[in-house]
Structure formats: C-alpha cells, structure tokens
Amino acid sequence: MKKTVLVIIGIMIFGMNIFAQNKDFNETTPEKRAQIHTQWMEKTLVLNSKQVEQVKPINLRFAKEMEKIKLEDKSKIQKLKAVREIDELRISEFKSILTPTQLDTYNDKKKELFKMVRQKGEFK
C-alpha cells in the first residue's frame, strides 16, 4: 500500500523523466523533492527566473503536505483523496504563474506519467 501511495505521489508531483531517473525519489526529504520538481518544471516548461522563484515555495509546501499524507495512518483511498485535493490547490496556484501553454504541458506530462505507470501495472 505504501509503495502504491508513493507512486501516486510521484505521479502527482513529477514528469516522467524526473520520476524515472530518481529511483530513490521517495526516500528523499520534502525539500529535495521540491527542489527536483522545481528544476524539472524550469527545464520542461522553460520557466523564467521570476516563475522559478514563484513556484519554489509552492512546491516546497506541497512536498511537505505530501510527506504528512504519506505518514498518516489512513486508508489508501483517503490518502488518494487528500493527494488530489492538495494537488488541485497547487494547480490553482500555478494558474496565476504559468502561461496557458506551460500549464497544458505540465498537465500533459502528468497524464503521460500516469498512463506509463498504469501500463507497467504499478498502479491499478
């Protein structure tokens, strides 16, 4: 169950390349995960320096919330619901920072990762 939740967290947070390249991603600190996510966003979405500075605290807050969820003694369904809720909040914050094209790319990459994980059978 923990592995499935961690996979879902990875899906909710990162694009395919970062998730695939960081096998020990879920073993890192929230600060490190936020840094990796911000770097991925900067590279993949071609963020400018102002955007990078704006997404950093959002990613850090999100990573810390995800850590709390990961450690909670709740069912998988409850954890998934909590992940979705905070991801929706994060996306709503991104809407005021990212261009529509960047936001579309972000969402497309997230969908690609979700599809890839489903095909591998890691998430059912």
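The values are calculated or read from the model by the stated rules, or taken from the named source; none is laboratory data. Since the structure is predicted, the reported quantities are computational estimates derived from the model, not experimental observations. Reconstructed Cβ throughout: ideal geometry from the backbone, glycine too, with neighbour counts over all protein chains shown.
Test Thr4 against the criterion of being modelled with pLDDT under 95, of a type in the set (Ser, Thr, Tyr) and surrounded by 15 or more Cβ atoms within 10 Å (Cβ to Cβ), and give yes or no.
Working: modelled with pLDDT under 95: yes; of a type in the set (Ser, Thr, Tyr): yes; surrounded by 15 or more Cβ atoms within 10 Å (Cβ to Cβ): yes.
Answer is yes for this residue.
Output the residues belonging to the stretch 114-124 that are part of a helix (DSSP H, G or I) and of a type outside the set (D, E, K, R). Explain how you work it out, then say what you get.
Restricting attention to the stretch 114-124, the residues satisfying the condition of being part of a helix (DSSP H, G or I) are 114-120.
Listed by number, the residues that qualify are Phe114, Met116, Val117, Gln119.
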